[in-house]
Structures are given as C-alpha cells and as structure tokens.
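Below: the structure, in structure tokens.
The values are calculated or read from the model by the stated rules, or taken from the named source; none is laboratory data. This structure is a prediction, so every number in the text was calculated from the model and none was measured. Every residue, glycine among them, receives a Cβ derived from its backbone with ideal geometry; neighbour counts consider all protein chains shown.
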Amino acid sequence: MVDVKMNPPKDYTAKLRFVSALDALLQERSFDDVTVKMIAEQAGLTRPTFYRYFTDKYAVIQWHSDIIAKRVSSKSGAA
C-alpha cells in the first residue's frame, strides 16, 4: 500500500501541479484568460499530460474542490 503523504502516486502529484499552476496564474489574470496551454506550461508539464487527467480547466477546480471536501468530511468524522 502506498502512503500518499510520504510517496504520493504519480497521477496525484501531476494533478496537484496543475492545481498549483492554475492558482499561480489566477494571481495574475482572470479565469477566462487562462488557457490549458498556460496551465500546462506553468506546471512544467505537457498539454497531453493535462488531458490525461482533466477534460478542461473547470475540471481542475472540480477535482481540487472534491479533495478539499473529502478532507473536511474526514476531519469532521474524527472529531
């Protein structure tokens, strides 16, 4: 079993790089002005890699929201 905290799977790491890249780009421009190409370049990955994990830039936000919701939910249950 892989310990995600110590050694995250490659796909999880790539997805987080895209999330971080989008976040950095949103510091400079509006969401409408951000392209998939820009996200991929900022992440240091390729457009085909982006499309391996996400259908579009909206899917990046949805995936990140899902991760946050799971964390909140798991923390709420532990209280």
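Things to note:
- The set of residues from the stretch 40-79 being of a type in the set (D, E) and under 11 Å from the mean Cα position of the chain (by Cα) comprises just one member, D66.
- Pairing each residue of the stretch 1-26 that is under 18 Å from I68 (Cα atoms) and among the hydroxyl-bearing types (S, T, Y) with any residue that is part of a helix (DSSP H, G or I) and at pLDDT 85 or above, provided the two are 6+ apart or on different chains, yields C-beta distances under 8 Å for S20/A43.
- Selection within the stretch 52-79 - assigned to a helix (DSSP H, G or I), more than 17 Å from Y12 (Cβ to Cβ) and either at pLDDT 95 or above or touching a strand residue (DSSP E or B) at 6+ places or on another chain (Cβ under 6 Å) (or both): K57, Y58
- Qualifying positions in the stretch 44-70 - β-branched (V, I, T) and over 13 Å from A21 (Cα atoms): T49, T55, I67, I68
- From the list E41, E28, the lone residue that is modelled with pLDDT of 95 or more, outside any helix (DSSP H, G or I) and more than 18 Å from D11 (Cβ to Cβ) is E28.
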